[in-house]
Amino acid sequence: MAPILLSRPLGALSAGLCLALISCAAPPRIIDKTKPAQRAEFVMYEWHDDQGPGTVKIRINLSEQRATYTRGGRDIGWSYVATGKEGHGTPSGTYRITEKIVDKHSNRYGWIENEWGEITNGDATPGSKKEPGERYVPAPMPYWMRLTSYGIGMHAGVIPQPGETASHGCIRLPKELAPILFDAVSVGTSVSIVH
């Protein structure tokens, strides 16, 4: 079929010609609007620790929102992370894990929910205004690994969009990886945070 040259926008063509152009170009793609849209699945982490000699070291790249894990200089894994969003940036530098707590809750951030458990404010602080029947719920930070004296650490958390920031400054880890990493590190483990 010879190419058709258009002298006016496609929207101005008759419906018949539009249908002819579409049917010649490619078979129609049928979209089932009764089913929810499918999101691309991300591999959130890989872990292949040989548990051989050497200590674990962690390197967090703020630009990529990824962490790499080594043991004795050998690569043992990587993961997506979610670090501090604008206004709550995660500070770069070299740190050591100073505290490990399996079941910790934030004393700074959380949410407010009503009497039916529905969240009415998803980004609240202990001092946020509450309506009658509402309560403040501190954010859970399972598998907490403290890095600073002022509340920055690593813990299991939601990573809403891999590669993008999301936290109030902490380093959120994939929920399935956090307990594995928690067991592999100790107080004193080196963590470097770079741009």
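Quick notes on this structure:
- Subset of the stretch 66-86 that is hydroxyl-bearing (Ser, Thr, Tyr) and out of contact with any helix residue (DSSP H, G or I) (no Cβ under 9 Å at 6 or more places or on another chain) - its residue that is surrounded by the most Cβ atoms within 10 Å (Cβ to Cβ): 83
- Answer from 120, 148 - the residue that is in contact with a strand residue (DSSP E or B) (Cβ under 6 Å, 6 or more places away or on another chain) and either surrounded by fewer than 13 Cβ atoms within 10 Å (Cβ to Cβ) or without any contact (Cβ under 8 Å) to a residue 60 or more places away in the chain (or both): 120
- Condition broken by residue 138, with the remaining ones in (1) part of a loop (DSSP other than H, G, I, E, B); (2) surrounded by 15 or more Cβ atoms within 10 Å (Cβ to Cβ); (3) touching a His at 6+ places or on another chain (Cβ under 6 Å) satisfied: (1)
- Exclusive hit being modelled with pLDDT under 95 and outside any strand (DSSP E or B), set 127, 151, 122: 151
- Residues of the stretch 87-114 satisfying the condition of being buried (at least 16 other Cβ atoms within 10 Å of the Cβ) and either closer than 17 Å to residue 60 by Cα or hydrophobic (A, V, I, L, M, F, W, C) (or both): 90, 95, 97, 111, 112
- Scanning the stretch 169-189 for residues that are surrounded by 15 or more Cβ atoms within 10 Å (Cβ to Cβ), more than 21 Å from residue 42 (Cα to Cα) and either at pLDDT below 95 or of a type in the set (Gly, Ala, Ser) (or both) returns 169, 184.
The values are calculated or read from the model by the stated rules, or taken from the named source; none is laboratory data. What you see is a predicted model; the values in this text were computed from it and never measured. Here Cβ is always computed from backbone atoms with ideal geometry, including for glycine, and neighbour counts include all displayed protein chains.
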